[in-house]
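Here's the structure, in structure tokens; my notes come after.
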Amino acid sequence: SFQSHADLTGNASSQALVSFFHSTGYRSVVPIDQAKAQLYLTFAAHGGHKGSQMALGYRYWSGIGVGENCMAALDWYEDAAEQGKFEM
């Protein structure tokens with residue numbers, strides 16, 4: 001599972017997917033848990049995952065799972081921007 005892979009390897013892409021599942025819920029398998037979503041998203045962002053850095057910027061800007069913090073949002077957006085073009 002992505003959860004096991006993220007926990008065992010610290011792989012940023014797996015951490016980003018685990019965060020997505022917790023933030024949105026995944027059918028009846030993964031309940032919505034914004035605290036876990038924030039934790040795994042932060043791990044992935046610190047691991048250099050650009051999409052996670054952008055998502056953290058948005059979460060801090062809009063106050064999803066955290067208090068609104070425009071400066072933290074700006075920091076994460078800048079980290080993502082320093083990596084160059086975003087490709088999906």
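The values are calculated or read from the model by the stated rules, or taken from the named source; none is laboratory data. Since we're looking at a predicted model, the values are computed, not measured. Neighbour counts run over all protein chains shown; Cβ positions are idealised from the backbone, glycine included. Calculation scope for accessible area: heavy atoms of the full protein, side chains included, ligands and nucleic acids excluded. Shrake-Rupley method; radii C 1.70, N 1.55, O 1.52, S 1.80 Å.
How high is the relative contact order of the chain, in percent, with contacts defined as C-alpha pairs under 8 Å that are six or more residues apart?
20 percent
Per residue, the solvent-accessible area of the chain (1.4 Å probe, heavy atoms of protein chains only, all protein chains present) comes to 63 Å². When only the Cβ of Lys, Arg, Asp and Glu is charged (+1, +1, -1, -1), the dipole of the chain relative to its Cα centre reaches about 280 debye. Residues whose amide H lies under 5 Å from that of Gly10, counting only those 5 or more places away or on a different chain, are absent; hydrogens are built 1.01 Å from N in the peptide plane. Of the solvent-accessible surface of the chain, computed with a 1.4 Å probe over protein heavy atoms with every protein chain present, carbon and sulfur atoms account for 59 percent. Remark: spin-label model distance Leu74-Tyr26 equals 3.6 nm, labels positioned 7 Å along the Cα→Cβ axis.
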